[in-house]
Amino acid sequence: MRQHLTISPSEAADRLAISELVEAYALSADRRDAQGQTSLFVADTHFVAYLNAKDPTLSQEVHSAKRLLPSSQT
């Protein structure tokens, strides 16, 4: 049987905000909405991606939310 933990209202609000952020990111990805996804990042974001699970080499590194957009949308 799973034990339920008591959390503060502040932690509950944080968990909900994180869940909504993940859902918004996924929905934007499903819709191929690059502008929507980019709007979820702070302006001076540091984004890294490893696109090949079998290769530990960094595939992409971006240091600005604007640079996350394809060049055709900037």
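The values are calculated or read from the model by the stated rules, or taken from the named source; none is laboratory data. No experiment lies behind these values; they were computed from the predicted model shown. Every residue, glycine as well, gets a Cβ built from its backbone with ideal geometry; the counts of neighbours run over all protein chains shown. Surface areas here come from the heavy atoms of the whole protein model, side chains and all, with no ligands, DNA or RNA. Shrake-Rupley method; radii C 1.70, N 1.55, O 1.52, S 1.80 Å.
Within segment 8-22, the only residue that satisfies the criterion of being of a type in the set (Ser, Thr, Tyr) and surrounded by 10 or more Cβ atoms within 10 Å (Cβ to Cβ) is Ser19.
Select from segment 39-74 the residues that are charged (D, E, K, R) and open to solvent by less than 90 Å² (accessible area, probe 1.4 Å) and list them in ascending order. Asp55 - this is the single residue of segment 39-74 that is charged (D, E, K, R) and open to solvent by less than 90 Å² (accessible area, probe 1.4 Å).
Pull up segment 1-28, narrow it to residues that are out of contact with any Gly (no Cβ under 9 Å at 6 or more places or on another chain) and small (Gly, Ala, Ser), then point me to the one that is nearest to Arg67 (Cα to Cα). Of everything passing the filter in segment 1-28, Ala26 is nearest to Arg67 (Cα to Cα). The numbered conditions (1) modelled with pLDDT of 95 or more; (2) over 17 Å from the mean Cα position of the chain (by Cα); (3) among the β-branched types (Val, Ile, Thr) are all true for Thr74 except (1).
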